[in-house]
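Enquirer: Sharing a structure, written as structure tokens. Questions coming.
The values are calculated or read from the model by the stated rules, or taken from the named source; none is laboratory data. None of the values given here were measured: they were computed from a predicted structure. Cβ: placed from backbone, ideal geometry, glycine included. Neighbour counts: every protein chain shown. Accessible surface is based on the protein model in full, side chains and every heavy atom, while ligands, DNA and RNA are left aside. Shrake-Rupley method; radii C 1.70, N 1.55, O 1.52, S 1.80 Å.
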Amino acid sequence: MRNLRLLKRILCTDLHGPGTPQCVSVRTDTGTVLIASEYSVTELDPRAGQVVNEVSLTADNYLPEDGSGTVVGIQDLPDQESVCVATATGDVILYNINTNQLECVGSVESGLSAMSWSPDQELVTLTTGQDTIIMMTKDFEPIIEVGINQDDFGEDKFITVGWGKKETQFHGSEGKHAAQRKTMEVQPAMSWDDRRPRVTWRGDGQLFAVSAVCPQTGARKVRVWNRECVLQSTSETANGLEQSLCWKPSGNLIAATQCLPNKHSVVFLEKNGLLHGDFTLPFGKGQVKVRELLWNSDSTVLGVWLEDMTPGEKGQVNTYIQLWAVGNYHWYLKQSLYFSSDSQRAPACVSWDPEKPLRLHLVTRGWASLTYDWGWSTDRSHGEDGQDNASVAVIDGDKILVSTFRQCIVPPPMCAYELKLTSPVNLVTFHRQPQRTNELAALTADGLISVYSQGTGDQSDTEAKVGGFRSISQPLQLKTTYRVVLDQECPLGLRLLLWLRDDVFLGVGGCPDGPSRSKLLVLGPSEAPGPQPTLEIRSEVEVEGQVVSMCHCAKTGTVALQVDDGQIRRFLWDSLKPSVVEWQDSVGCRVNFPELCVETALCVIGEEHLVGLTERLHLFVGDTEVASNVSSFIVYDDFLLLTTHSHTCRCLRLSTLTVKALQTALAADGSQNQNDETLRRVERGSRIITVVPQDTRLILQMPRGNLETIHHRALVLAQVRKWLDGRMFREAFECMRKLRINLNLIYDHNPKLFLENAQNFVRQLDSISHINLFLTELKEEDTTMTMYPFPVNTPGQLATGTSGKKVDIVCDALRSAMESIDQYKYSLSILTTHVKKTVPELEVALQKVHELRVNPPSATNAVSAEEALKYLLFLVNVNELYDHSLGTYDFDLVLMVAEKSQKDPKEYLPFLNMLKTLEPSYQRYTIDKHLKRYRKALRHLSKCGEEHFTEALNLVKDQRLYGEALGLYPANSSQYKALSCAYAEYLVEQQQAEQAGLLLWRCGETARALQAFVGSASWRSALCVAEQIPLPPDQLALLARDLAEKLVELRRYTEAAILLEQYAKDCEEAISALIAGAVWEEALRLVYLYNRQDIIETNLKPALLEAFSSQTAFLETQRTMFIRHKTRLAVVRELKEKARLQLLDEDVPDCPEAELYSEASSAMTGSHAGSKYSHSNSRISSRSSKNRRKAERKKLSLKEGSPLEDAALLHAMAEVVQSVDKMREEVHSLLKALVLFQFDGQAGKLQHAYGDALQMMEAGLPEVWEGGLQLTQAPITGPNSTANSITASFQQPRPSATQESETPPPPKIRNAVKWKLSILK
């Protein structure tokens, strides 16, 4: 659905060349045009408008001086820096461009009729006057000469399998007379045919075709030859085949023309000679003849060069050049160039540029050069309101095919309606004024501008025109046809037309001062009376350079234009004196495109920018390249939409981006975020056609021409958010439902707004099914944070802070709204709000259904109880609903649900009948127990009397409902006591005997309470209970001894001594217990209290000496262990540092696991060393605490070479330091006892050994832990830091996460605890 828009026209006149141009060739390296006439070869530079070089062909008698000579071909040879010229007399001339020397490299006596070089310029084919083909190399060495007209079909001759004769075959609707029909005679070539052969090469240079007149029949035939000049195929006999011939560069078709009695067509032949499609030229029978057919280099445009068959009144012949393009198997006439009847202005030579596919070179008979540059563009309406129909106009000759995508989407060549004009259309522009963007103006080939506006007729007229069918798109009506007051010497003197207001048109015209300048024209209707409305030039502004694009922004009124060298200008068209100024950014710097852009648009990214797309798919925003693979783009509202060669469609919100951010966003492929709404995959080769304003539809066209409508997620979400902000809930809901957008967004977008407009939401939807759909999709997830996050840099809607769960809040709000509007109409939706809550209120829903059954509403829109129950069964599983109905204790409701279910009455009727026979409390207990609602069952059973207490006690024991049961009975009741005893038994089983004893004690079970306290070693409570019983003194003493034994086992020596001394009255055993527990001072107190000094010699002193020996040995062991671990840690750290440096030397990326290297694992890679233990961590994450501790110990192994050996060493050393530091109080007490009994030597040794151990460990701590701590320190900053210290802290290597988690903190030494005795030296 693209049109050819003229970007640039260069006109060079007054060249005054000799003779008449006969052949033309374009030099690809310089862009100049080589023109051959009957006198010379002239090199012309169209951009400078002057002749660069000229060499005579008559000076060396290659052509006669009387001008009767003919040049049959000219070809530029860049590799040889020469030009090859072939003359009709048979000479092949090589013209050296550097030396201006002519050399005849060959001559054919019979003369030459055509010359054609292969695309790779390795071979040249010449056709002679004897109807032969001569093939030569690029060095003009002959390869072969063969005749053109051969009787053989060629190597690709069709194979006949011999399935009978024509006379015996079925002929369909033609009947059996077709078998006797004689073959019609072949008609000879046209009388105006010059009867010269035509040679054309395929784009890959492997085949070439020759069209020549057959001497036997006089008709033209096309023969295909391969690169070795071997005939491949011959075309089938076709009457009316004309002289023009051109092979499509892509290689699949050969274009020719055919004149039949009823039409004049361009036909296409396959390489096997068979016809394959055609299209009809828009001329009457015998009106025109086709001079030449010309494919452009990329096979997208076919040029047709025509002339009138009969001269006009003054004997002059009109000339036409038409440009055709194909889409979806339909050929469109895109451009028509009408040349006046003046023979000097008629084209003599026409050629496409071999490098620029859409550049056409023409040379007229009067030696005027014309260069046209076209570009593909989509002519669309530019409105952004709901009145715009998203119209797209496609030029097809004298028709404009208008598609209104808001109403209907039909694939081309079909359309919503056609606009028929009197002449072929060359340009279409839509009105830029808001509310009128559907209107358009068309510039036709005869220089008229036709204005079409929206009609005012009634709809019935339109329906009559389309045969009674309802028309959804009302065609535009012709309003005015203007004649443009403009001196147009050559076709297409006016280009790049913009229709800004009713009375203002902007256009670009040529400048007579030279080809390097152009003129901006402001056109308006003339007020002078005349037979036809006229557009006159109100003002004009000359611009240095050729203006190649012009675009307008309706929001800002800006008109931006681009010159052919990429410079950007701003056209101040609405001022008193229109002018052109440089485009500048906000800081006053000039902005230009680095390359020429063929498609431009204005947008706002912080400030106004011009966006441009080059032929090589580079997208620029001003002078910044933001992407390099963009195939098409469009600016709509606040969005930039584009398609890429990676088969994606991007939609970016410009108000949230800067140019740099846009560049970054387009560089990313979007795979990092699966919820990225800016990216969507599309079909290969898709191009953007248009966007439907105030809608979500984006129209794409595929390479073949068919259309595809997509709803880009970014457009959809932006439009939905806009609707929700405007409280247009129905539009938002319909769009989201159709496009499968999660309906939670309706609430999540702005919860406060939704809750305030809950009634509005219900009234707009006005559909029970739609409300139910919304309710059933509700979930606790906030979709604005997960699925549909707000675009970056856009303020999202903040939550209102309403407490509670989202689903419950929405259900309650909508239920309240529906009940206030019409509770009977929305009964089903109200039931949904109960069922959908996080804790479904099924009982409430069932109760409402029951109310509908008991009291049927009289409202006409109310639903019946049966319908409500049926709907409820649809939402909830029937068994679950039956259970909940049973839980209401309403048997009518239970029966109602059971009847609607698939349950067998034999299953539930006996159970219900049995329940009806029970008394109410026991009945409810039975129901609750059946439904496994044991707490409720216990509550009801407690009301059934003492006769059911045994059953209640069993229920409590089975379901462990002890706490609930105790709250249901009085504290002084027998039931309470029984429950307490049962609870105590349960606690004893759970190893909680002390709590069991408390329960038993308070309910009066003192004997059992005493037993429980003894079992838990709660000696104080046990003695209290014993005194309460009371126990006899001997039993009390025995009890004290038993408790003392338990406490000694638990190493609670002081408490055991109290029991033995005070209750068992055994001071000797008490002193022994204190000595065993190293409680020296308390033991001495009892010794002297009970006058048992004998125990000092027998027990105390030996225990002191034994304690001295054990403490000294323990200190030596810990000291040795600390030194050994410290030495090994230094070795491990050194090995790891070497391994890390080795990694850096090998240029391996640093990884956290590189820190795990040790002596045994230095050959492993970091990832391998770390993965072994990281995997084990994940496997044991759910194990028991015992297994976790075991795994931790295994991981922190002290085995040499283990990955975390350094961390294990630190852990071991920390344990050593802590165990030694804990001995302060014990050593202090022992020292005092040793000194007291004259063991000064032993006390001094112990004090010295302990002091040395503490000093050694305290001195080693900074050395041991400093190496690990400095890796974990944060960068040092603050008022006391310097630049060097901060830099050094940042440059320190960082440890891995694994190492940080495994490294223990340094142990703390309690220096504040005094332990030394100053009396010891």
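Enquirer: Look through 378, 371, 364 and report the one residue that is open to solvent by 20 Å² or more (accessible area, probe 1.4 Å), hydroxyl-bearing (Ser, Thr, Tyr) and either over 30 Å from residue 309 (Cα atoms) or touching a Leu at 6+ places or on another chain (Cβ under 9 Å) (or both). Explain how you work it out, then say what you get.
Expert: Working: 371 fails: open to solvent by 20 Å² or more (accessible area, probe 1.4 Å); 364 fails: open to solvent by 20 Å² or more (accessible area, probe 1.4 Å).
Going through 378, 371, 364 in turn, the sole match is 378.
Rundown of residues vs (1) open to solvent by less than 30 Å² (accessible area, probe 1.4 Å); (2) part of a helix (DSSP H, G or I); (3) without any contact (Cβ under 8 Å) to a residue 24 or more places away in the chain; (4) not hydrophobic (A, V, I, L, M, F, W, C), yes/no style:
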site	(1), (2), (3), (4)
898	yes, yes, yes, no
903	no, no, no, yes
906	no, yes, yes, yes
911	no, yes, yes, no
914	no, yes, yes, no
918	no, no, yes, no
925	yes, yes, yes, yes
928	yes, yes, no, yes
936	no, yes, yes, yes
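Enquirer: Within the stretch 503-516, track down each residue that is modelled with pLDDT of 85 or more and either in a loop (DSSP other than H, G, I, E, B) or under 15 Å from residue 562 (Cα atoms) (or both).
Expert: Matches in the stretch 503-516: 503, 506, 507, 508, 509.
Enquirer: Would you mind telling me which numbered condition in (1) under 17 Å from the mean Cα position of the chain (by Cα); (2) aliphatic (A, V, I, L, M); (3) not in a strand (DSSP E or B) residue 587 fails?
Expert: Condition (1) is where residue 587 drops out.
Enquirer: Is it the case that some residue within the stretch 99-110 is touching a residue at least 40 places away in the same chain (Cβ under 8 Å), open to solvent by 20 Å² or more (accessible area, probe 1.4 Å), more than 27 Å from residue 60 (Cβ to Cβ) and in a strand (DSSP E or B)?
Expert: We begin by selecting, within the stretch 99-110, every residue touching a residue at least 40 places away in the same chain (Cβ under 8 Å); these are 100, 102, 104.
Remaining after also requiring open to solvent by 20 Å² or more (accessible area, probe 1.4 Å): 100, 102, 104.
Still in the running and more than 27 Å from residue 60 (Cβ to Cβ): none.
The answer is no, given that none of the residues of the stretch 99-110 is touching a residue at least 40 places away in the same chain (Cβ under 8 Å), open to solvent by 20 Å² or more (accessible area, probe 1.4 Å), more than 27 Å from residue 60 (Cβ to Cβ) and in a strand (DSSP E or B).
Enquirer: Within the stretch 399-408, is there a residue that is over 37 Å from the mean Cα position of the chain (by Cα) and closer than 19 Å to residue 334 by Cα? Can you show your working first?
Expert: To start, the set of residues in the stretch 399-408 that are over 37 Å from the mean Cα position of the chain (by Cα) comprises 399.
Okay, now just the ones that are also closer than 19 Å to residue 334 by Cα, so 399.
Yes, the stretch 399-408 has at least one match.
Enquirer: Let me ask you something else. For the stretch 659-754, give me every one of the helices (runs of 4 or more DSSP H) that falls completely inside it and has 2 or more residues that are farther than 23 Å from residue 648 by Cα.
Expert: Working: elements: 659-667, 713-725, 729-738, 745-748.
Hits in the stretch 659-754: 713-725, 729-738, 745-748.
Enquirer: Does the stretch 1079-1096 contain at least one residue that is surrounded by 18 or more Cβ atoms within 10 Å (Cβ to Cβ) and not in a helix (DSSP H, G or I)?
Expert: So far as the stretch 1079-1096 goes, yes, one or more of its residues are surrounded by 18 or more Cβ atoms within 10 Å (Cβ to Cβ) and not in a helix (DSSP H, G or I).
Enquirer: If a residue has to be open to solvent by 40 Å² or more (accessible area, probe 1.4 Å) and assigned to a loop (DSSP other than H, G, I, E, B) to count, how many in the stretch 273-303 make the cut?
Expert: Residues of the stretch 273-303 open to solvent by 40 Å² or more (accessible area, probe 1.4 Å): 274-278, 280, 282, 285-287, 289, 291-292, 297-298, 300.
Filter again for assigned to a loop (DSSP other than H, G, I, E, B), leaving 274, 282, 285-287, 297-298, 300.
Of the residues in the stretch 273-303, 8 are open to solvent by 40 Å² or more (accessible area, probe 1.4 Å) and assigned to a loop (DSSP other than H, G, I, E, B).
Per-residue answers, yes or no, for (1) at pLDDT below 85; (2) buried (at least 17 other Cβ atoms within 10 Å of the Cβ); (3) under 30 Å from residue 550 (Cβ atoms); (4) among the aromatic types (Phe, Trp, Tyr):
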{"site": "6", "(1), (2), (3), (4)": "no, yes, yes, no"}
{"site": "20", "(1), (2), (3), (4)": "no, yes, no, no"}
{"site": "28", "(1), (2), (3), (4)": "no, no, yes, no"}
{"site": "31", "(1), (2), (3), (4)": "no, no, yes, no"}
{"site": "38", "(1), (2), (3), (4)": "no, yes, no, no"}
{"site": "41", "(1), (2), (3), (4)": "no, yes, no, no"}
{"site": "44", "(1), (2), (3), (4)": "no, yes, yes, no"}
{"site": "49", "(1), (2), (3), (4)": "yes, yes, yes, no"}
{"site": "58", "(1), (2), (3), (4)": "no, yes, no, no"}
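Enquirer: Within the stretch 987-1004, does at least one residue satisfy the condition of being among the basic types (Lys, Arg) and within 30 Å of residue 920 (Cβ to Cβ)? It would help to see each step written out before you state the result.
Expert: Let us first name the residues in the stretch 987-1004 that are among the basic types (Lys, Arg), namely 1002.
Now drop any that are not within 30 Å of residue 920 (Cβ to Cβ), which leaves none.
No: zero hits.
Enquirer: Now for a separate question. Where residues in the stretch 215-226 are part of a loop (DSSP other than H, G, I, E, B) and either among the polar types (S, T, N, Q) or at pLDDT 90 or above (or both), which of them is least open to solvent (accessible area, probe 1.4 Å)?
Expert: Narrowing the stretch 215-226 to residues part of a loop (DSSP other than H, G, I, E, B): 215-219.
Okay, now just the ones that are also either among the polar types (S, T, N, Q) or at pLDDT 90 or above (or both), so 216-217.
Details: 216: 137, 217: 59 Å².
Only one residue tops the list, namely 217.
Enquirer: Taking interchain pairs and intrachain pairs at least six residues apart, which have beta carbon atoms under 7 angstrom, with the first residue in the stretch 384-403 and without any contact (Cβ under 8 Å) to a residue 40 or more places away in the chain and the second among the aliphatic types (A, V, I, L, M)?
Expert: These pairs meet every condition: 399/419; 401/394.
Enquirer: Does any residue of the stretch 42-50 turn out to be without any contact (Cβ under 8 Å) to a residue 60 or more places away in the chain and not in a strand (DSSP E or B)? Please lay out each step first, then the result.
Expert: Going residue by residue through the stretch 42-50, those that are without any contact (Cβ under 8 Å) to a residue 60 or more places away in the chain are 42-43, 45, 50.
Subsequent filtering for residues that are not in a strand (DSSP E or B) retains none.
The answer is no, given that none of the residues of the stretch 42-50 is without any contact (Cβ under 8 Å) to a residue 60 or more places away in the chain and not in a strand (DSSP E or B).
Enquirer: Can you tell which of 131, 120 is modelled with pLDDT of 75 or more, charged (D, E, K, R) and exposed (fewer than 14 other Cβ atoms within 10 Å of the Cβ)? Lay out the reasoning, then the answer.
Expert: Values: 131 fails: exposed (fewer than 14 other Cβ atoms within 10 Å of the Cβ).
Within the list 131, 120, the selection yields 120.
Enquirer: Could you say whether any residue in the stretch 998-1012 is surrounded by 18 or more Cβ atoms within 10 Å (Cβ to Cβ) and farther than 28 Å from residue 984 by Cβ?
Expert: Within the stretch 998-1012 (the criterion being surrounded by 18 or more Cβ atoms within 10 Å (Cβ to Cβ) and farther than 28 Å from residue 984 by Cβ), the answer is no, since none of the residues qualifies.
Enquirer: Next up: What pairs can you find where one residue is in the stretch 944-969 and without any contact (Cβ under 8 Å) to a residue 24 or more places away in the chain, the other is assigned to a helix (DSSP H, G or I) and crowded, with 16+ Cβ neighbours inside 10 Å, and their Cβ atoms are less than 6 Å apart, with a gap of 6+ or different chains?
Expert: Note: pairs meeting the criteria are 952/941; 966/979.
Enquirer: Any chance the stretch 1054-1070 includes a residue that's among the hydrophobic types (A, V, I, L, M, F, W, C), within 29 Å of residue 1002 (Cα to Cα), part of a helix (DSSP H, G or I) and open to solvent by 60 Å² or more (accessible area, probe 1.4 Å)?
Expert: no
Enquirer: Here is a list of conditions, (1) buried (at least 19 other Cβ atoms within 10 Å of the Cβ); (2) closer than 24 Å to residue 651 by Cβ; (3) at pLDDT below 90, and residue 556 meets all of them except one; can you say which number that is?
Expert: In the conditions (1) buried (at least 19 other Cβ atoms within 10 Å of the Cβ); (2) closer than 24 Å to residue 651 by Cβ; (3) at pLDDT below 90, residue 556 misses (1) alone.
Enquirer: For the stretch 125-151, which residues satisfy the criterion of being touching a Ser or Thr at 6+ places or on another chain (Cβ under 7 Å) and part of a strand (DSSP E or B)?
Expert: At the first step, the residues of the stretch 125-151 found to be touching a Ser or Thr at 6+ places or on another chain (Cβ under 7 Å) are 125, 127-130, 133-135, 143, 145-148.
125, 127, 128, 133, 134, 135, 143, 145, 146, 147, listed by residue number.
Enquirer: For a quick check of your reading of the model, give me the residue pairs whose first member lies in the stretch 411-424 and is more than 19 Å from residue 472 (Cβ to Cβ), whose second is surrounded by fewer than 17 Cβ atoms within 10 Å (Cβ to Cβ) and of a type in the set (Ser, Thr, Tyr), with beta-carbon atoms closer than 6 Å and at least 6 apart or on different chains.
Expert: Going by the 6 Å Cβ cut-off, there are no qualifying pairs.
Enquirer: Here's a follow-up. Can you report the number of residues in the stretch 511-549 which are closer than 13 Å to residue 484 by Cα, of a type in the set (Ser, Thr, Tyr) and open to solvent by 30 Å² or more (accessible area, probe 1.4 Å)?
Expert: Summing the residues that are closer than 13 Å to residue 484 by Cα, of a type in the set (Ser, Thr, Tyr) and open to solvent by 30 Å² or more (accessible area, probe 1.4 Å) in the stretch 511-549 gives 1.
Enquirer: Which residue, of 810, 863, 849, is out of contact with any Ser or Thr (no Cβ under 6 Å at 6 or more places or on another chain) and farther than 18 Å from residue 774 by Cβ?
Expert: On the way: 810 fails: farther than 18 Å from residue 774 by Cβ; 863 fails: out of contact with any Ser or Thr (no Cβ under 6 Å at 6 or more places or on another chain).
None of the others qualify; the one that does is 849.
Enquirer: Within the stretch 613-623, restricting attention to residues that are under 23 Å from the mean Cα position of the chain (by Cα) and in a strand (DSSP E or B), which residue is surrounded by the fewest Cβ atoms within 10 Å (Cβ to Cβ)?
Expert: Taking the stretch 613-623 first, the residues under 23 Å from the mean Cα position of the chain (by Cα) are 613, 617-621.
Checking the rest, the ones that are also in a strand (DSSP E or B) come to 613, 619-621.
Values: 613: 20, 619: 25, 620: 25, 621: 23.
Across the stretch 613-623, the extreme among qualifying residues is 613.
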